[in-house]
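Chemist: Mind looking over this structure? Questions follow.
Since every read-out is calculated from the coordinates, none of them should be taken as a lab result. Small disclaimer: the values here were computed from a predicted structure and weren't measured. Please note: Cβ atoms are built from the backbone with ideal geometry, for glycine as well, and neighbour counts cover all protein chains shown.
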Amino acid sequence: MLCHNQQVNSSSTQNPEPQQPGDLIPAHAGGNSDSAAKLTLLSGHANSSAPAERDSQVSGGATLNSENNGGTGNSDAPASDPLLGDCEISRQIGAQLKLLPMNDQIRELQTIIRDKTASRGDFMFSADRLIRLVVEEGLNQLPYKECMVTTPTGYKYEGVKFEKGNCGVSIMRSGEAMEQGLRDCCRSIRIGKILIQSDEETQRAKVYYAKFPPDIYRRKVLLMYPILSTGNTVIEAVKVLVEHGVQPSVIILLSLFSTPHGAKSIIQEFPEITVLTTEVHPVAPTHFGQKYFGTD
């Protein structure tokens, strides 16, 4: 187990997931409880030669290169995979990919989030609703145990309750948009953070920062990242969790939108991880973080 209370520096053999445009890292980033701990440099993630794919604004003046949309972050980023139906996607990727059952309500929320003419207020309202639906389904993937309670009338009711030992981890900054949705469902849940971006001079992908509960290796983890484009950022984040004793089989990735390539690459790298999303589509709304945090 790596020691805590130190900074993290990491890299990958692949390009990281495009940072959501406008994912500015505030000076106070990190830390939701005193019991969480900063982590040390990870020996398995040092100085990758792979450049970051996107983001023209990061803390400390670091600049990320952009492959898509000329770095503007104002339109969706296409993936190379063709549009596939849910059944075909499940067949190709496997049972570890779980899609929320589609209905008109979810489709409307997705439409508003993708609509470039939507106001920020409508965008955030729709995003928060969709996040809540994903979080609720993610919690449904966690283990429960049977219990019995007594009602006010004295009736014995056989129900269920969560098993203890769960936590959330958000991939900064866009993943932080999902934290409140998780807290709305689990008021006392502990949430860790991971920051992945590129070096200003070398453009090498690094895990700059991570902060987890010190006993995260004993917990089930809800990993939060709303947009999966290539999947590489999530892969790096999972590697950090694995180095701290978390088994991929207890990680549930919560996302809103994914490309076929993004979901497939994550599950190929970690076949035991569960990926939960509302839609798999070749075009990912990569403007999400920028518009949600008002930096568009």
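Chemist: Tabulate in residue order the Karplus-calculated ³J(HN,Hα) for the stretch 108-122, using 6.51 cos²θ - 1.76 cosθ + 1.60 with θ = phi - 60°, rounded to whole Hz; enter x for Gly and Pro.
Modeler: 5, 4, 4, 5, 5, 5, 7, 6, 5, 8, 5, 5, 5, x, 5
Chemist: Provide the per-residue ³J(HN,Hα) series for the stretch 263-269, in order, calculated from phi with Karplus coefficients 6.51, -1.76, 1.60 and θ = phi - 60°, each as a whole number of Hz, with x at glycine and proline positions.
Modeler: 5, 5, 5, 5, 6, 5, 6
Chemist: Based on DSSP, what percent of beta bridges with both residues in the stretch 83-293 are antiparallel, to the nearest 5?
Modeler: Values: 13 of 38 bridges.
DSSP beta bridges in the stretch 83-293 are roughly 35 percent antiparallel.
Chemist: Right, here's the next one. Once you have the Cα-Cα distance between Tyr217 and Asp122, take 0.36 nm times their residue separation minus that, and quote the gain in nm to one decimal.
Modeler: Details: separation 95, 0.36 × 95 = 34.20 nm, distance 3.85 nm.
Length gained, Tyr217 through Asp122: 30.4 nm.
Chemist: Starting from the amide H of Ala284, placed 1.01 Å from N in the peptide plane, find each other amide H under 5 Å away whose residue is 5 or more places distant or on another chain.
Modeler: The answer is Ala77, Ala79.
Chemist: So, one more: How do the peptides 248-254, 141-147, 169-175 rank, highest first, by the average count of neighbouring beta carbon atoms within 10 Å per residue?
Modeler: On the way: 248-254: 21.9, 141-147: 11.1, 169-175: 26.7.
Per-residue Cβ counts within 10 Å, averaged per peptide and sorted highest first, yield 169-175, 248-254, 141-147.
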